Structures are given as structure tokens and as C-alpha cells.
Amino acid sequence: MMSFLALNLQVAEASLAMHEMPIAAAAKEIAIRQAMAFPFDVCIGLARPHHHVGRKVEFLNTSTGAEIDQAFVALTERRADALFISADPFFVGRMDQLAALTIRDRIPATFVLRAFPAAGGLMSYGTSINDAYRQAGVYTALILKGAKPADLPVTQSTRFELVINLKTAQALGVTIPPGVLAIADEVIE
């Protein structure tokens, strides 16, 4: 069995995105976009560190392309300082739309897949999909060689990627600290 650490990773990603970036450090309101409601404990885990420093965290649910557009209107009206887009297959197919809207509305945003900054979004931090596919291949090979799936250990991704799009950062007026650039796995210029 394999896990992509989706929910636990979101807490780690939100921490990196919202604490390390200067725009987020000064943010008074952070919006978290999700296709389906997070479990209560995950919401608490994402909101707690920001509540203690006086930062408001708001969760927005969207399930259609039109709802994404409406949510961005709301984000602009509320003057959200940053946006965290949750790991959800719904958003993977809408990467271009999300990237275009974050740039249009000048909202620094992060996602868990490198496809987001590649499509023009600001940054991503998440599980390496290539590493996950490699792990799936190892499992497949073991099963084809006769191993029983029930006897195989549970594995989790151990390689995570930080990807930053400097062109988008410049368009948004966001300065990426040198320390964050130094640890990035990829910088898109």
C-alpha cells in the first residue's frame, strides 16, 4: 500500500508557504481552496499556527470551474493576502485556470504539484510524483515476482519537491528569500 501523505503534507506545505514567504508572513488573511471539505482535525491543524499570530484562515469549497471563478471574485473582495490550493484531483485538471486567476488577481498561491508553477503559479511543495511512480514500479515488480500484496510493507513518499516560479514572483511583486531559493529543487525563470 502506498500513501501520498496528502492531508499531512498540506499542513507542512501551508507552514512553508505561509511562514517563510515575506508576503505570507505579513498576511492578515490566508485562504485555503479545497474541492471537498477537509476533516475537522486537518482544518484545525492548518489554522492553529496562524490564529496564534493574529492571521485569519478561511476555507473555500469549490467543485466546478464556475465556482473557482466566483471564489476568486470573493478572494479579491476580501483582499486575501495568500492562497493555498489543497491537493485534490479536481484542481489538477484546472491548473491553467488557477494559475491565470492567481496572476490576474495578484494573489500569491501554492499547490502540491510542480505542474502549478510550470503553468504559471507561484510555487509548489509536495510529493515527487516521479518518486511515487518509481515506488509503484518497485511494488509491481515484487508482485510480479510472486510477493503477496498483503505481505508488502506500507510505504510513503520520502522525496518532496519545492518548485518556485520566479517570473510569477516578479509579476506578483513577491521577493523570494535567498534561503528559500537555495533549498528549492527547481527554480523556473
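The values are calculated or read from the model by the stated rules, or taken from the named source; none is laboratory data. Because the structure is a prediction, the values reported are computed rather than measured. Cβ: placed from backbone, ideal geometry, glycine included. Neighbour counts: every protein chain shown.
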Against the condition under 27 Å from the mean Cα position of the chain (by Cα) and in contact (Cβ under 8 Å) with a residue 24 or more places away in the chain, how does GLY121 come out, does it pass? yes
Being touching a residue at least 60 places away in the same chain (Cβ under 8 Å) and among the hydroxyl-bearing types (Ser, Thr, Tyr) is the filter; apply it to segment 125-149 and report the residue that is surrounded by the most Cβ atoms within 10 Å (Cβ to Cβ). TYR125
Evaluate the following for ASP105: is it under 17 Å from ALA169 (Cβ atoms), touching a helix residue (DSSP H, G or I) at 6+ places or on another chain (Cβ under 6 Å) and acidic (Asp, Glu)? yes
Are any of the residues in segment 61-84 among the β-branched types (Val, Ile, Thr), assigned to a loop (DSSP other than H, G, I, E, B) and free of Cβ contacts under 8 Å to residues at least 60 places away in the same chain? yes
I'm trying to understand the selection: among the residues of segment 147-166, which are of a type outside the set (S, T, N, Q) and farther than 18 Å from TYR125 by Cβ? ALA147, LYS148, PRO149, ALA150, ASP151, LEU152, PRO153, VAL154
What number of residues within segment 92-114 satisfy the criterion of being surrounded by 17 or more Cβ atoms within 10 Å (Cβ to Cβ) and part of a helix (DSSP H, G or I)? 6
Return the only residue of ARG78, ARG48 being modelled with pLDDT of 70 or more and either touching a Cys at 6+ places or on another chain (Cβ under 6 Å) or surrounded by fewer than 20 Cβ atoms within 10 Å (Cβ to Cβ) (or both). ARG78
How many residues does segment 115-124 contain that are under 18 Å from SER157 (Cβ atoms) and surrounded by fewer than 19 Cβ atoms within 10 Å (Cβ to Cβ)? 1
Pairs with Cβ under 6 Å, 6+ apart, first in segment 173-189 and part of a strand (DSSP E or B), second polar (S, T, N, Q) and surrounded by 13 or more Cβ atoms within 10 Å (Cβ to Cβ): ILE188/ASN165
Any idea which of GLN170, GLN135 is of a type outside the set (Asp, Glu), in a helix (DSSP H, G or I) and at pLDDT 90 or above? GLN170
Of the residues in segment 150-165, those that are outside any strand (DSSP E or B), over 17 Å from the mean Cα position of the chain (by Cα) and either surrounded by 12 or more Cβ atoms within 10 Å (Cβ to Cβ) or touching a residue at least 24 places away in the same chain (Cβ under 8 Å) (or both) come to LEU152, VAL154
